[in-house]
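First up is the structure itself, then whatever we jot down about it.
The values are calculated or read from the model by the stated rules, or taken from the named source; none is laboratory data. Here the structure is a predicted model, which is why all the values come from computation and not from measurement. Here Cβ is always computed from backbone atoms with ideal geometry, including for glycine, and neighbour counts include all displayed protein chains.
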Amino acid sequence: MNVILRGVRVIDPLAGVDRAPQDVWIEAGRIRALDDRIEAGGVPVIDFTRAGGEPVVLCPGFIDLHVHLRDPGDSGAETTATGARAAAAGGFTHIVAMANTDPPHDSPELLRDAIERSQNAAVRVMHVAAMTHGLDGAALVDVEACIGAGAVALSDDGRNAAPGALLSEALARAGELGRPVLVHPEDEAAISRFNPFGGVTRCSDRPPETEVAAVKAAVKALASTAGGRLHLQHLSAAGSLEPLRLARQRGLTITAEVTPHHLARWAAMSPPEPASLRKVNPPLRSANDRAAMLQALLDGTIDAIATDHAPHRSDEKTNNYDSSAPGMIGLETALAACITLGDLAGRRLPVLVERLTAGPHRVLGEASGVKEPRVRVGEVADIVVFDPDAGWTVSDDTLFSRSRNTPWLGTELRGRVLLTVAHGRVVHSLDARIPVADREPAGV
Ligand SMILES: [Zn+2]
């Protein structure tokens, strides 16, 4: 790859850079030069210059803290390879895979296998270790050994069965090694009371109080340890924000994420067919909750946007809402959903980029070894180029995920990823002049 990308808006949140028009020269997988104008001198140029409207954006590759790859356990829904390819199409260069696979990633051996399977993926796939064996909340995994095997964090995501004392111990031991514990904050005991006959993971009735109670319990566990790093996953309820803000004011190390689907305005859209495509844990909530999430994202109370990409086979999303599996795929629609339905376009675009790059990097922390998301001369390129104005229709043809469980299938969204370069390799491109690389490393 040797190309000059002309006339882009470079947004590099960590450097405080937001400049347009800029030329960016990428050669042999590295950013060779970055300037107002680069003389081509025979190097091929792709000109993104716009006469009017929003310029095309070039920024660090997105980091997704929350992805389900179903590997091992359900290759009919997704594999590491298809999930990573979907991530590339969505502009992500780094993704964090959850541990609720079958079997769950709750031992150093299983983690090493998963990391091995991720080596040739299109983007960098990191793994969390389960916090408890089998995610059942009874006994902690060997925290130090799992982190030693390469886990970037601990998480029982999908479940929240561990009592506070166990969470405290996990926070302390992971925190000692600079790793966060990612908590899926839904109070399972309360959910069971609302749904005496349903399984906790699949039942539909999960009022906001079940989330707020779990947030408070997790904060309490954090407060009882020293050095813990707590990260709250997929916040959805307005009431969760106060305990989060109070914990941060007390000096606790606490971060949080929100999903594109919890940021989206759903009221304006007709329900998908089947309606179970909108079933997700935690559920889509009121306009008031949604507005509170957006405000919290804008003011920095929420650090990151994470997709909770949850692939399911079509036979798991049926007309029977109650028995259908919760969750939706999200890697490929994250950017467009945030722009089109999440009110994050226009002057808010830099915030959107920050919450997809520097924000999640901050959550993972330095100990994760993930390099800073930057657009910097001399560095191996981990970048995405996207057109915030381009409309596209989510369809079978555009999706790389093995699953199709998105409520936006057939919907026209605005904001399209044009090019993703991960660790110096072109892993997604809509431009025939920049072909997607094969598996060979790009000379870096
Ligand atoms: Zn979850």
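Listing for the model above:
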read-out	value
Filter pass, Glu242 being closer than 17 Å to Val212 by Cβ, of a type in the set (D, E, K, R) and either within 16 Å of the ligand (Cβ to nearest atom) or part of a strand (DSSP E or B) (or both)	no
All positions within region 354-375 that are acidic (Asp, Glu), within 13 Å of His94 (Cβ to Cβ) and not in a loop (DSSP other than H, G, I, E, B)	none
Sole exception among (1) assigned to a loop (DSSP other than H, G, I, E, B); (2) β-branched (Val, Ile, Thr); (3) free of Cβ contacts under 8 Å to residues at least 60 places away in the same chain for Val351, by number	(1)
Residues of region 355-369 that turn out to be over 13 Å from the mean Cα position of the chain (by Cα) and either modelled with pLDDT of 95 or more or at positive phi (or both), as a count	3
Members of region 51-72 that are away from the ligand (no atom under 16 Å from the Cβ) and either at pLDDT 95 or above or touching a Gly at 6+ places or on another chain (Cβ under 7 Å) (or both)	Pro55, Val56, Val57, Leu58, Cys59, Pro60, Gly61, Phe62, Ile63, Asp71, Pro72
Residue check, Ala334 among the aliphatic types (A, V, I, L, M), at pLDDT below 95 and assigned by TED's automatic domain parsing to the domain that holds Gly199	no
Odd one out for Thr255, checked against (1) among the β-branched types (Val, Ile, Thr); (2) touching a residue at least 60 places away in the same chain (Cβ under 8 Å); (3) away from the ligand (no atom under 16 Å from the Cβ)	(3)
Test: Gly378 is touching a residue at least 12 places away in the same chain (Cβ under 8 Å), in a loop (DSSP other than H, G, I, E, B), of a type outside the set (Lys, Arg) and surrounded by fewer than 21 Cβ atoms within 10 Å (Cβ to Cβ)	yes
Options Gly415, Gly391; residue that is surrounded by fewer than 18 Cβ atoms within 10 Å (Cβ to Cβ), not assigned by TED's automatic domain parsing to the domain that holds Ser270 and not in a loop (DSSP other than H, G, I, E, B)	Gly391
Yes/no for Val125 being within 22 Å of Gly424 (Cα to Cα), without any contact (Cβ under 8 Å) to a residue 60 or more places away in the chain and surrounded by 23 or more Cβ atoms within 10 Å (Cβ to Cβ)	yes
Residue check for Asp289: in the same structural domain as Glu188 (by TED's automatic domain parsing), free of Cβ contacts under 8 Å to residues at least 12 places away in the same chain and over 23 Å from Gly91 (Cβ atoms)	no
Those strands (runs of 3 or more DSSP E) lying entirely in region 4-65 with at least 3 residues surrounded by fewer than 22 Cβ atoms within 10 Å (Cβ to Cβ)	17-27, 30-35, 45-47
Test: Leu341 is in contact with a Lys or Arg (Cβ under 6 Å, 6 or more places away or on another chain) and surrounded by fewer than 24 Cβ atoms within 10 Å (Cβ to Cβ)	yes
Inter-residue pairs, beta-carbon under 8 Å, first under 10 Å from Asp157 (Cβ atoms) and in region 92-107, second surrounded by fewer than 24 Cβ atoms within 10 Å (Cβ to Cβ) and of a type in the set (Lys, Arg), 6+ apart	Asn100/Arg159
Hits in region 250-283 - residues which are under 25 Å from Leu364 (Cβ atoms) and surrounded by fewer than 19 Cβ atoms within 10 Å (Cβ to Cβ)	Arg250, Gly251, Leu252, Thr253
Identity of the residue in region 284-294, buried (at least 19 other Cβ atoms within 10 Å of the Cβ) and within 16 Å of the ligand (Cβ to nearest atom), that ends up nearest to the chain's Cα centre (by Cα)	Met293
Any pair with Cβ under 7 angstrom, 6 or more apart, that starts in region 200-211 at a residue that is at negative phi and surrounded by 15 or more Cβ atoms within 10 Å (Cβ to Cβ) and ends at one that is of a type in the set (Val, Ile, Thr) and part of a helix (DSSP H, G or I)	Val200/Ile191; Cys203/Ile191; Arg206/Ile191; Thr210/Ile191
Test: residue in region 383-393 that is within 16 Å of the ligand (Cβ to nearest atom) and either touching a Lys or Arg at 6+ places or on another chain (Cβ under 8 Å) or within 26 Å of Ile4 (Cα to Cα) (or both)	no
Those residues of region 299-322 which are more than 12 Å from Val280 (Cα to Cα), part of a loop (DSSP other than H, G, I, E, B), in contact (Cβ under 8 Å) with a residue 24 or more places away in the chain and over 12 Å from the mean Cα position of the chain (by Cα), in sequence order	Thr301, Ile302, Arg313, Thr318, Asn319, Asn320
